[in-house]
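Quick note: the coordinates plus some simple rules give every number you see, no bench work behind them. Note that the structure is a prediction, hence the values are computed from the model and not measured. In this analysis, Cβ positions are derived from the backbone assuming ideal geometry, glycine residues included, and neighbour counts consider all displayed protein chains.
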Amino acid sequence: MEVVHTPVLIEETLALLGPRKNDEFMADGTIGEGGHSEAFLRGFPTIHVVGIDADRTILETAKERLAEFGSRIEFHAGWSHVFFAGAPNTFDTILIDSGISVFHYAKSGRGFSFSKDEPLDMRLDTGQGKSAADLVAGLSEKDLANLLFNNAEERYSRRIARAVVSARGHGRIESAGALADIIERAVPPAYRHARLHPATKTFQALRMAVNSELIYLPTLLENAMNALKASGRLGFISFESLTDRMVKLFFREQYKEGRVTMTTKSAVCASVEEIRQNPSSRSARLRIIEKKGEKENI
Ligand SMILES: C[S@@+](CC[C@H](N)C(=O)[O-])C[C@H]1O[C@@H](n2cnc3c(N)ncnc32)[C@H](O)[C@@H]1O
């Protein structure tokens with residue numbers, strides 16, 4: 001078993017979400033390769049964890065990595081909003097580290113990375129739904145442009161959508177490499193040679209759509225809140241600005257309704273040192289709320 005993902009904001013997460021009493025029950029709603037879960041299980045010897053992931057392949061890595069913790073950890077394959085819907089008032093702590101893992105770019109073979117010529121799939125749960133190739137083949141030019149703009153704020157969304165639709169005339173776009181080439185040729189030279197690869201945002205937007213990330217998010221937040229016990233805490237790590245904005249608004253709404261207190265007043269970001277060691281932590285934002293006790297809520 002080889003682990004490729006470095007968990008972000010680990011010290012901050014342990015400090016702000018660590019247990020306040022013995023025998024706490026935690027849900028890692030996006031366990032991935034199990035980096036956060038391992039740190040919690042090792043750091044806090046009385047906690048129990050349930051780890052959930054929509055991707056069965058990565059869940060196998062977590063199972064192997066965390067086997068030494070025996071019955072202190074359980075695993076569940078599936079979408080976390082569905083899992084939380086069936087677990088009301090259960091957890092002292094819930095952590096959601098959203099999006100995808102380095103595993104998906106480096107090892108999944110499912111076309112998440114524009115720098116690898118793999119089948120254009122991008123599904124976390126490969127047993128259901130449309131692949132990225134299906135989306136690219138089926139969307140109208142207008143819908144594709146809107147998707148790129150709305151999900152990832154891609155400034156050349158229209159040009160890229162036009163180029164994709166024109167390329168479809170020569171056959172279905174089946175690989176990540178083929179799509180990346182079309183995007184590179186569609187955008188202006190300055191954008192082509194910018195710091196960010198020109199296909200970055202298109203690939204992000206497609207991944208979010210394929211996995212219904214923005215559709216599931218409101219239900220995930222609502223169901224996670226209901227799955228917390230009174231005084232339980234929900235921590236959410238986002239990487240995309242749109243996701244972080246939705247989390248911030250949801251937390252603010254819960255606060256206004258008197259259901260929670262804000263554990264973090266503003267988003268917690270990675271330190272300069274962490275960003276130096278792990279550049280992908282640059283865009284990470286951690287926000288935490290605490291559900292009020294029954295009496296406080298009346
Ligand atoms: C950023 S990674 C988690 C990394 C993990 N904290 C670690 O330290 O190894 C996010 C993981 O959550 C999974 N995932 C994303 N959204 C999900 C959802 N709504 N329900 C279940 N799993 C999800 C992905 O398959 C991925 O493995």
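Taking max minus min of the alpha-carbon positions on each principal axis, region 126-210 gives extents of 39, 26, 23 Å, largest first. Cα-Cα over 32 Å: which of 201/292; 63/291; 130/248; 63/116? From the list (201/292; 63/291; 130/248; 63/116), the Cα-Cα distance tops 32 Å for 201/292. Counted by neighbouring Cβ atoms within 10 Å, the residues 8, 268 run from fewest to most as 268, 8.
Taking every C-alpha pair closer than 8 Å and separated by at least 6 residues, the mean separation divided by the residue count of the chain gives a relative contact order of 19 percent.
Computed over the chain, the Cα gyration tensor eigenvalues convert (square root of 5λ each) into semi-axes of 35, 21, 18 Å, ordered from largest to smallest. Spatial offset of region 132-210 relative to region 228-298 amounts to 31 Å, using the alpha carbon center of each. The label point for residue 89 and the one for residue 137, both projected 7 Å from the Cα toward the Cβ, are 4.9 nm apart.
Of the trypsin sites (Lys or Arg not before Pro) found in region 1-85, those in coil by DSSP whose Cβ has at most 14 other Cβ atoms within 10 Å are 20, 21. Which percent, to the nearest 5, of DSSP beta bridges fully inside the chain are antiparallel? DSSP beta bridges in the chain are roughly 40 percent antiparallel. In a DSSP loop and with at most 10 other Cβ atoms within 10 Å, the GluC sites (Glu not before Pro) in region 229-298 are 257. Here 107, 142 are placed in order of increasing Cβ neighbour count within 10 Å, fewest first, which gives 142, 107. Given R0 = 22 Å, the distance between the Cβ atoms of residue 74 and residue 261 translates into a calculated FRET efficiency of 0.15. I need the GluC sites (Glu not before Pro) found in region 1-110, filtered to DSSP loop residues with at most 13 other beta carbons within 10 Å of theirs. Filter output for region 1-110: 2.
Dipole magnitude for the chain: computed about the Cα centre from +1 point charges on Lys and Arg Cβ and -1 point charges on Asp and Glu Cβ, it is near 1000 debye. Relative to the Cα centre, the charge distribution of region 1-133, modelled as +1 at Lys and Arg Cβ and -1 at Asp and Glu Cβ, gives a dipole magnitude of about 180 debye. Length available on full extension from residue 230 to residue 175: 0.36 nm per residue minus the Cα-Cα distance, which gives 15.0 nm. To the nearest ten degrees, helix 56-65 and the longest principal axis of the Cα atoms of the chain are 50 degrees apart.
Taking the C-alpha atoms only, the angle from helix 176-186 to the longest principal axis of the chain is near 60 degrees. Percent of C-alpha pairs per 5 Å bin in region 231-298, short distances first: 3, 18, 24, 20, 14, 9, 6, 3, 1, 0. Taking amide H as placed 1.01 Å from N in the peptide plane, the amide H of residue 49 sits under 5 Å from that of 26, 73, 74, each at least 5 places away or on another chain.
Specify the angular offset, from 0 to 90 degrees and rounded to the nearest 10, of the alpha carbon long axis of helix 141-152 from the longest principal axis of the alpha carbons in the chain. So the helix axis and the longest Cα principal axis differ by about 40 degrees.
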